[in-house]
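Here is the structure we will look at.
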Amino acid sequence: MQPIDTAIIGAGPYGLSVAAHLRSAGVAYEIFGEPLESWRDFMPQGMKLKSEPFASNLWDPERRFTYENYIAEQGIAYRRVNDPIPIERFLEYGQWFRRHAVGDVRRVKVRRVARADGAFSLELEDGTVSKARRVVLATGHMGFRHVPDDMCLHSTALHDLRQFAGRDVTVVGSGGAALESAALLHEIGATTRLVARRKQITWNSLTPEPNAIERLRTPEAGLGPGWRSWAVSELPFLYRRMFEPAKRHRFFLNSWGPSGAWWLRDRVEGKIDLLVEHQIASAQVVDGRVRLGLTGPAGATEILTDHVVAATGFDVALERIDCLEPTLRAQIAREGPYARLSANFETSVNGLFIVGLPAAPVFGPVQRFMFGAKHTAPAVTKALKRSRAHAQTDQVPAALDEPKLKVLQRD
């Protein structure tokens, strides 16, 4: 079996961006997975992206296939900020990017990655096995979904909302996914409430239209306006070098907390019952419905609801990358529950790279968002080019030395 030079596992924003960079650099690769599957099949229909248009790109090295260029080709006016992108348009953009910047995707999932005979063995869901010299894990968010109870649906399970029309739905959480899920459920005819531990909902404000003075005061950044956001958005490699792991991990867990986009506020306030400062104390199935026991400022209360939706985020840990064979996973050096990564996103296992959300504890919150692929794709490509060059160099002396050895034997 001829091994693949580089296998990219996952065809979301990070996998596609890495593939675009490798293609431009002339590095051979195969990319596995359904393109933008989690966006297409696990996001509620009718949602909009929280990121600003200028921060909603997939990344090729020449920046030829940006979102701005795509909508210009479609004859749609472009605004850098304050113009939420419908998920349907983003998916169309993603397909356009893949077609122009990436090419073919092998539309099969990788079930298991193991180490074998100095290479990686990829067990595919169609029953076949491939080998690869290097592997880039770009598996996205879905494996890290946090569901507090098996009576809950995760917010990623709400793709077709029509099934909830006329039902009573309780959404748990206070972030963008919780607020948008609640708004969309209300708008299709569900009786909807939101339960949140926080004292109040945090709403993002409109992004100031950029001008020279405003850019100095609050620079535009992928994670939001301001110098702090700019530093986290643009300096992930400095972030990794400057801070010790424990400090990085705390920042990853506690920064960029739950908030709602400005364009959601009018669709939530006054329309949905917001039970802030409430926590779920108990949950019990009663005649096909869920009885929730809540504790809040007024004491204990109960709710009887048809569905509970957990918009409770993602729990990142190396153990939860389930495609890694246990023996291979055990070989990866760690920072607490996370993989320790080099400046090029390589693990301690030579040739194995981890990008996207599971890299965020090392490189900062920008890796939670597609904007982070701007930094990741060129760094991984640089490492893979260097690795390939070293491998070719290592092979040359052996080929040159062989005739010399034969001459010595004849003498």
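Restricting 267, 217 to residues that are of a type outside the set (A, V, I, L, M, F, W, C), farther than 19 Å from residue 79 by Cβ and open to solvent by 90 Å² or more (accessible area, probe 1.4 Å) narrows the list to 217.
Looking at region 89-109, which of the residues that are within 18 Å of the chain's Cα centre (by Cα) and part of a helix (DSSP H, G or I) is farthest from residue 205 (Cα to Cα)?
Applying the filter and picking the extreme gives 98.
Within region 288-300, being within 23 Å of residue 185 (Cα to Cα) and either open to solvent by 70 Å² or more (accessible area, probe 1.4 Å) or without any contact (Cβ under 8 Å) to a residue 40 or more places away in the chain (or both) holds for 288, 289, 291, 293. Residues that are within 30 Å of residue 364 (Cα to Cα) and in a helix (DSSP H, G or I) were ranked within region 257-282; the one that is farthest from the chain's Cα centre (by Cα) is 265. Among the residues of region 115-153, those identified as more than 30 Å from residue 382 (Cβ to Cβ) and at pLDDT 85 or above are 125, 126, 127, 128, 145, 153. Taken together, the residues in region 15-39 that are over 16 Å from residue 353 (Cβ atoms) and either outside any helix (DSSP H, G or I) or not polar (S, T, N, Q) (or both) amount to 7.
Here 20, 77 are screened, and the one residue that is aliphatic (A, V, I, L, M), without any contact (Cβ under 8 Å) to a residue 12 or more places away in the chain and in contact with an Asp or Glu (Cβ under 9 Å, 6 or more places away or on another chain) is 77.
Among residues of region 317-341 being part of a loop (DSSP other than H, G, I, E, B) and among the charged types (D, E, K, R), the one that is nearest to the chain's Cα centre (by Cα) is 322.
Within region 268-305, the set of residues being under 18 Å from residue 153 (Cα atoms), of a type in the set (Val, Ile, Thr) and in contact with a strand residue (DSSP E or B) (Cβ under 6 Å, 6 or more places away or on another chain) comprises 280, 290, 303, 305.
The values are calculated or read from the model by the stated rules, or taken from the named source; none is laboratory data. Note that the structure is predicted; figures quoted are calculated from it, not measured. Note: ideal-geometry Cβ built from the backbone for every residue, glycine included; neighbour counts use all protein chains shown. Heavy atoms of the whole protein, side chains included, go into the accessibility calculation; ligands, DNA and RNA do not. Shrake-Rupley method; radii C 1.70, N 1.55, O 1.52, S 1.80 Å.
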